[in-house]
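Trainee: My structure is below; once you've seen it, I'll send some questions.
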Amino acid sequence: MDHETDTEAARETATAGTPAAPARRPRRRPGPVRRTLRLVARIAAGATAALGALVLLFAVVPVPVTPYMVAERIRGGSLAHDWIGWDAIPPAMARAAVAAEDANFCLHWGFDMEAIRDAIDEGRGRGASTISQQVVKNVFLWQGRSWPRKAIEAALTPVVELVWTKRRILHVYLNSVEFGDGVFGVQAAARHHFGVDAADLSAVQAARLAAILPAPKRRDPANPTGFLRERSRAILSGAETIAADGRAACFEAPTSG
């Protein structure tokens, strides 16, 4: 008994000599500003991941619909859009679109710096957007001029250029660009304006479709004005030029022999 009593006393003495652990302070909840910043960061991270996944997906899968198509469907009540494969798009249509909208398409990495400098020097609000930028805007973003959209477009365009081939970019462009009120893609445009499939478009019809860009709601390729005829002739000439000087090589199959 004496031994046990001595042991207990020793324990009590040792415990009494040990300093008490400091009391834990309750964790402070983050303030509203910090919570808001965390929420914004999570939304931004989620949006970035979603855009990245769509870029990978649409590198091989047809684009079924775009935000602008949905908006136009709600606004106008109708939507004509038929995705077609690259082989169903005549080379004349591909060359005409590039000649009209982005003659240096095969030479740049998403941004035509020379065109940007020219647009700034001439004070033009439009004219520097490449086909790659237009694809990013049409397929992934919203319309309208705003700095947030421009910033996202500038960040996403090099990613699309890196992941997609030039042919794929042009393929998606020709299947998603607007060719009239509620008319999207070259197949729907060919049927709407000329009553033929895209594969049956003549070089002149292809040039006239390209000529209505970037104002497809105000221009009619089936009943062209003098201005539209002149622009179509210029596009035909430009299409021949880029075919001859190699600026169509990135999307056209090499010729044999």
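Trainee: Take the residues of region 214-235 that are among the aliphatic types (A, V, I, L, M) and within 27 Å of the chain's Cα centre (by Cα): which is nearest to VAL135 (Cα to Cα)?
Mentor: Quick first cut of region 214-235, residues among the aliphatic types (A, V, I, L, M) only: 215, 222, 228, 234-235.
Okay, now just the ones that are also within 27 Å of the chain's Cα centre (by Cα), so 215, 235.
On the way: ALA215: 16, ILE235: 21 Å.
Among residues in region 214-235 that are among the aliphatic types (A, V, I, L, M) and within 27 Å of the chain's Cα centre (by Cα), the one nearest to VAL135 (Cα to Cα) is ALA215.
Trainee: Moving on. For region 181-208, name all the residues that are under 24 Å from the mean Cα position of the chain (by Cα), within 23 Å of PRO67 (Cβ to Cβ) and touching a residue at least 40 places away in the same chain (Cβ under 8 Å).
Mentor: Listed by number, the residues that qualify are ASP181, GLY182, VAL183, PHE184, GLY185, VAL186, GLN187, ALA188.
Trainee: Just checking, does region 52-59 include any residue being surrounded by 10 or more Cβ atoms within 10 Å (Cβ to Cβ), at pLDDT 85 or above and among the β-branched types (Val, Ile, Thr)?
Mentor: Looking only at region 52-59, we keep the residues that are surrounded by 10 or more Cβ atoms within 10 Å (Cβ to Cβ), and these are 52-59.
If we keep only those that are at pLDDT 85 or above as well, we get 52-59.
Narrowing further to those that are among the β-branched types (Val, Ile, Thr): 55.
So far as region 52-59 goes, yes, one or more of its residues are surrounded by 10 or more Cβ atoms within 10 Å (Cβ to Cβ), at pLDDT 85 or above and among the β-branched types (Val, Ile, Thr).
Trainee: Kindly check whether there is at least one residue in region 177-193 that is in a helix (DSSP H, G or I), in contact with a Gly (Cβ under 8 Å, 6 or more places away or on another chain) and surrounded by fewer than 15 Cβ atoms within 10 Å (Cβ to Cβ).
Mentor: No, because not a single residue in region 177-193 is in a helix (DSSP H, G or I), in contact with a Gly (Cβ under 8 Å, 6 or more places away or on another chain) and surrounded by fewer than 15 Cβ atoms within 10 Å (Cβ to Cβ).
Trainee: Of the conditions (1) surrounded by 23 or more Cβ atoms within 10 Å (Cβ to Cβ); (2) touching a helix residue (DSSP H, G or I) at 6+ places or on another chain (Cβ under 6 Å), ALA203 fails just one. Which one is it?
Mentor: (1)
Trainee: Is there a residue being hydrophobic (A, V, I, L, M, F, W, C), loosely packed, with under 10 Cβ neighbours inside 10 Å, farther than 29 Å from LEU236 by Cβ and modelled with pLDDT under 85 anywhere in region 36-43? Lay out the reasoning, then the answer.
Mentor: Pass one, region 36-43, residues hydrophobic (A, V, I, L, M, F, W, C): 37, 39-41, 43.
Of the ones still in play, those that are also loosely packed, with under 10 Cβ neighbours inside 10 Å are none.
Scanning region 36-43, I find no residue that is hydrophobic (A, V, I, L, M, F, W, C), loosely packed, with under 10 Cβ neighbours inside 10 Å, farther than 29 Å from LEU236 by Cβ and modelled with pLDDT under 85, so the answer is no.
Trainee: Let me ask something additional. So which of ALA234, ALA244, ALA222, ALA207 ends up being part of a loop (DSSP other than H, G, I, E, B) and among the hydrophobic types (A, V, I, L, M, F, W, C)?
Mentor: Working: ALA234 fails: part of a loop (DSSP other than H, G, I, E, B); ALA244 fails: part of a loop (DSSP other than H, G, I, E, B); ALA207 fails: part of a loop (DSSP other than H, G, I, E, B).
Only one candidate passes the filter, namely ALA222.
Trainee: Moving on. Look at region 151-175 and say how many of its residues are under 23 Å from ARG247 (Cβ atoms) and in a helix (DSSP H, G or I). First the steps, then the outcome.
Mentor: So in region 151-175, the residues under 23 Å from ARG247 (Cβ atoms) come out as 157-158, 160-175.
When the remaining residues are screened for being in a helix (DSSP H, G or I), the result is 157-158, 160-163, 166-175.
Counting residues in region 151-175 that are under 23 Å from ARG247 (Cβ atoms) and in a helix (DSSP H, G or I) gives 16.
Trainee: Evaluate the following for ALA239: is it surrounded by 14 or more Cβ atoms within 10 Å (Cβ to Cβ) and either modelled with pLDDT of 95 or more or of a type in the set (S, T, N, Q) (or both)?
Mentor: On the way: surrounded by 14 or more Cβ atoms within 10 Å (Cβ to Cβ): yes; either modelled with pLDDT of 95 or more or of a type in the set (S, T, N, Q) (or both): yes.
Spelling it out, ALA239 is indeed surrounded by 14 or more Cβ atoms within 10 Å (Cβ to Cβ) and either modelled with pLDDT of 95 or more or of a type in the set (S, T, N, Q) (or both).
Trainee: Got at least one residue in region 129-147 being over 24 Å from THR48 (Cα atoms) and charged (D, E, K, R)? Walk me through it before giving the result.
Mentor: We begin by selecting, within region 129-147, every residue over 24 Å from THR48 (Cα atoms); these are none.
No, region 129-147 has no match at all.
Trainee: Still on this model: When you go through (1) at pLDDT 95 or above; (2) part of a loop (DSSP other than H, G, I, E, B); (3) under 20 Å from PHE105 (Cα atoms); (4) not aromatic (Phe, Trp, Tyr) one by one for PRO214, which number turns out not to apply?
Mentor: (1)
Trainee: I'd like the full set of residues that are in contact with a Lys or Arg (Cβ under 9 Å, 6 or more places away or on another chain) and within 21 Å of GLU178 (Cβ to Cβ), limited to region 221-237.
Mentor: PRO221, ALA222, PRO224, THR225, PHE227, LEU228, ARG231, SER232, ILE235
The values are calculated or read from the model by the stated rules, or taken from the named source; none is laboratory data. All values reported here derive from a predicted model rather than from experimental measurement. Cβ coordinates were reconstructed from backbone atoms using ideal geometry, including for glycine residues, and neighbour counts include every protein chain displayed.
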